[in-house]
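J.: Dropping a structure here in structure tokens format, bear with me for questions.
The values are calculated or read from the model by the stated rules, or taken from the named source; none is laboratory data. Keep in mind the model is a prediction, meaning the values are calculated, not measured. Here the Cβ positions follow ideal geometry from the backbone for every residue, glycine too, while neighbour counts run over all protein chains shown.
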Amino acid sequence: MVVIAALTFAAFGQSAEASAGGSRTAAAVQRALDRVLPAGASGTLVAARGGETLYCKGFGMADREARVPASCDTVYDVMSMTKQFTATAVLKLQMLGKLRVTDPIGTYVGPVPADKREITVQQLLTHTSGLVEALGGDYERLSRRDMVAGALASRLRSPPGAEHHYSNVGYSLLAAIVEQASGVGYEQFLAAHLFAPAGMTRTGYVLPRWKRTRVAVEYDRQGKAHGTPFDHPWAEDGPYWNLRGNGGMLSTARDMARWDRALQGDRVLDERSKDALLRPRVREEPGSDAYYGYGWVIQQTAAGKVAWHNGGNAWSYGELTRLPDDGVMVFWVTNRNANRAARWSFERLGPKLTRGVVRAVVD
């Protein structure tokens, strides 16, 4: 699930004393956190600039019952931020000559009924295919074959290319296309062509060998524990296909900083592909200044170009924000999105938290 919310940034000043700024910036980030975080909050935040990690710490507990504190290396479900990995995999396959984003989906998941024959890979990337948002719950048992069949049999919300409708199904179809075009499993392709070149050793579905005590337990708004993602129904090779490709990827704040660093260079994508990834393509809502690219929301602000995405489920929530022109990255995630009794929610606090940390990094 993604929550559509516009981020706004004022123009920031730039310090001339960058060399002395590491510890000062970390202290400023901590102050920004302290101003926003409510009592009882738990999660992790990382902030970086120019590929240098300036702050990476946890707050609160990753597992309250076992008294395990959250840290820079706590493993979280990054939810809909998974989509940027799927989009990057598609562009990597295009770089390798295995597909083109202009290809109709029938090239890879055919035969396709008449009403969906004009849907292209690019329309899946930009949520303009017209496909429904979901076919069922995240943890319902659904095979790749049944997901593809259900998507192709579903009723379109709009003609292909006509309107923006956020679709998790579309990104699961992209994961199936990654498998078909590459000849290997979705996670295997990401591990070899994205995560390994980026130095990301703690990101994936099942391939990384995490200690279970490193994986955050998720909590609902009443404070009830709902276990880790591994405590819910998964297939042997990862989540079932209502979630695969559109969400459910596990990662750490440290690895997400490595991901940002890789996107600043050419270890994963060349310049042309990175430009395609972050190009604003379709307005998310009428009158909005937020556009969807390929797995990223893109906005032009007083501070320059901002690329971001959020993610949430019934228990957790997080945001990843990048200012590509300044090399600034902020990622944070919480294993308890809301507290009903205290009346706080990270979906509401999130923009303020992100703006405050970005300001601390840039000023």
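J.: Filter segment 345-363 down to residues that are part of a helix (DSSP H, G or I) and of a type in the set (S, T, N, Q), then give me how many there are.
T.: Total meeting the criteria: 1.
J.: Answer with yes or no whether residue 317 is surrounded by fewer than 24 Cβ atoms within 10 Å (Cβ to Cβ) and touching a strand residue (DSSP E or B) at 6+ places or on another chain (Cβ under 7 Å).
T.: Answer is no for this residue.
J.: Scan (1) in a loop (DSSP other than H, G, I, E, B); (2) of a type in the set (Lys, Arg); (3) closer than 21 Å to residue 178 by Cα for the single condition residue 145 breaks and write down its number.
T.: (1)
J.: Another question, if that's okay. For the structure I just gave you, tell me whether residue 13 is modelled with pLDDT under 95 and in a helix (DSSP H, G or I).
T.: No: the conditions fail for residue 13.
J.: Another one. Mind listing whichever residues of segment 329-362 are surrounded by 24 or more Cβ atoms within 10 Å (Cβ to Cβ), farther than 15 Å from residue 316 by Cβ and among the β-branched types (Val, Ile, Thr)?
T.: 330, 354, 357, 358, 361
J.: Mind checking which residues of segment 108-158 are closer than 20 Å to residue 238 by Cβ and of a type in the set (Asp, Glu)?
T.: Passing the criteria: 138, 140, 146.
J.: Can you give me the number of residues within segment 29-51 that are touching a helix residue (DSSP H, G or I) at 6+ places or on another chain (Cβ under 6 Å) and either part of a strand (DSSP E or B) or of a type outside the set (Gly, Ala, Ser) (or both)?
T.: Counting residues in segment 29-51 that are touching a helix residue (DSSP H, G or I) at 6+ places or on another chain (Cβ under 6 Å) and either part of a strand (DSSP E or B) or of a type outside the set (Gly, Ala, Ser) (or both) gives 7.
J.: In the list 252, 213, which residue meets the criterion of being in the same structural domain as residue 320 (by TED's automatic domain parsing), surrounded by 15 or more Cβ atoms within 10 Å (Cβ to Cβ) and touching a residue at least 12 places away in the same chain (Cβ under 8 Å)?
T.: 252
J.: Cβ-Cβ under 7 Å, sequence separation 6+ or interchain: first residue in segment 105-133 and within 19 Å of residue 276 (Cα to Cα), partner acidic (Asp, Glu) and part of a loop (DSSP other than H, G, I, E, B). Which pairs?
T.: 120/103; 121/103; 128/163
J.: Name the residues in segment 52-77 that are within 13 Å of residue 254 (Cβ to Cβ) and in a loop (DSSP other than H, G, I, E, B), would you?
T.: Hits for segment 52-77 are 70, 71, 72, 73, 74.
J.: For segment 222-242, does any single residue satisfy the condition of being under 29 Å from residue 324 (Cα atoms), at pLDDT 95 or above and either not assigned by TED's automatic domain parsing to the domain that holds residue 40 or not hydroxyl-bearing (Ser, Thr, Tyr) (or both)?
T.: no
J.: For segment 283-299, which positions are small (Gly, Ala, Ser) and over 17 Å from the mean Cα position of the chain (by Cα)?
T.: 287, 288
J.: When residue 300 is evaluated against the numbered criteria (1) buried (at least 16 other Cβ atoms within 10 Å of the Cβ); (2) without any contact (Cβ under 8 Å) to a residue 60 or more places away in the chain; (3) in a strand (DSSP E or B), which criterion, by number, is the only one it fails?
T.: Only one criterion is unmet by residue 300, namely (1).
J.: Which condition breaks for residue 280 when tested against (1) assigned to a loop (DSSP other than H, G, I, E, B); (2) more than 18 Å from the chain's Cα centre (by Cα)?
T.: For residue 280, the failing item is (2).
J.: Can you pull out every residue in segment 105-128 that is more than 20 Å from the chain's Cα centre (by Cα), surrounded by 18 or more Cβ atoms within 10 Å (Cβ to Cβ) and in a loop (DSSP other than H, G, I, E, B)?
T.: Selection gives 105, 112, 119.
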